[in-house]
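Report on one structure; see the data block that follows.
The values are calculated or read from the model by the stated rules, or taken from the named source; none is laboratory data. Computed from a predicted model, the values in this text were never measured in an experiment. Backbone-built Cβ (ideal geometry, glycine too); neighbour counts: all protein chains shown. Side chains are part of the model used for accessible areas, which takes the heavy atoms of the whole protein and leaves out ligands, DNA and RNA. Shrake-Rupley method; radii C 1.70, N 1.55, O 1.52, S 1.80 Å.
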Amino acid sequence: MRIYVTSVLVDDQEKALRFYTEVLGFVKKTDVPAGGGRWLTVVSPDAPDGVELLLEPSGHPAAGPFKEALVEDGIPFTSFAVDDVQAEYERLSGLGVRFTQEPLDVGAAVIATFDDTCGNLIQMAQLKG
């Protein structure tokens, strides 16, 4: 068994697509109509056939309160691996990304958390060793 698709709940798919591609550097993989939204996925340019991130519309009534509670408590919705947290922090900060947690060494990793502009906190992690 493998992970094929994972989701992040977004309040605006078009805004999310711009942020996840133009700012974070992911690449659009799939974009097809699906119900009232789109089946809209992005992938890492380093793994175009790897795990897809679905930019899932957060229209379900439970999505808003769930996302708000996570943000209020400072809990990231998901985590992305990076080779160098400090370099990504500097790059993204230069693009205007708002961080809620600057790079922090937590022993087994260096982490930082940012606002994805779509209602989520996202963590990036540089694993050690």
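For this structure, a couple of remarks:
- Test set (1) open to solvent by less than 30 Å² (accessible area, probe 1.4 Å); (2) touching a Ser or Thr at 6+ places or on another chain (Cβ under 6 Å); (3) under 21 Å from GLN13 (Cα atoms); (4) not acidic (Asp, Glu) - VAL43 fails condition number: (2)
- Restricting attention to the stretch 68-107 and to residues that are of a type in the set (Gly, Ala, Ser) and out of contact with any strand residue (DSSP E or B) (no Cβ under 7 Å at 6 or more places or on another chain), the residue that is nearest to PRO57 (Cα to Cα) turns out to be ALA69.
- Tabulated pairs, the stretch 106-126, first touching a residue at least 60 places away in the same chain (Cβ under 8 Å) and within 14 Å of LEU92 (Cα to Cα), second among the acidic types (Asp, Glu) and in a strand (DSSP E or B), C-beta under 9 angstrom, 6+ apart or interchain: ILE122/ASP115
- Only residues that are surrounded by 13 or more Cβ atoms within 10 Å (Cβ to Cβ) and among the charged types (D, E, K, R) were counted across the stretch 103-119, and they come to 2.
- Residues satisfying the stated conditions in the stretch 1-21, i.e. of a type outside the set (Gly, Ala, Ser) and open to solvent by less than 30 Å² (accessible area, probe 1.4 Å): VAL8, VAL10, GLN13, LEU17, PHE19, TYR20
A quick yes/no check of all residues on (1) more than 11 Å from the chain's Cα centre (by Cα); (2) under 18 Å from ASP115 (Cβ atoms):
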{"residue": "LEU9", "(1), (2)": "no, yes"}
{"residue": "THR21", "(1), (2)": "no, yes"}
{"residue": "GLY37", "(1), (2)": "yes, no"}
{"residue": "VAL42", "(1), (2)": "no, yes"}
{"residue": "HIS60", "(1), (2)": "yes, no"}
{"residue": "GLU72", "(1), (2)": "yes, yes"}
{"residue": "GLY96", "(1), (2)": "yes, yes"}
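- Number of residues in the stretch 22-40 that are in contact with a strand residue (DSSP E or B) (Cβ under 9 Å, 6 or more places away or on another chain) and either surrounded by 15 or more Cβ atoms within 10 Å (Cβ to Cβ) or in contact (Cβ under 8 Å) with a residue 24 or more places away in the chain (or both): the value is 7.
- In a residue-by-residue description of the stretch 59-75, the property of being open to solvent by 30 Å² or more (accessible area, probe 1.4 Å) and closer than 18 Å to ARG18 by Cα applies to no position.
- So GLN86, is it open to solvent by 40 Å² or more (accessible area, probe 1.4 Å), touching a residue at least 12 places away in the same chain (Cβ under 8 Å) and either within 13 Å of TYR20 (Cα to Cα) or in contact with a Pro (Cβ under 8 Å, 6 or more places away or on another chain) (or both): yes
- Enumeration of residues in the stretch 116-129 that are within 14 Å of the chain's Cα centre (by Cα) and in a strand (DSSP E or B): LEU121, ILE122, GLN123, MET124, ALA125
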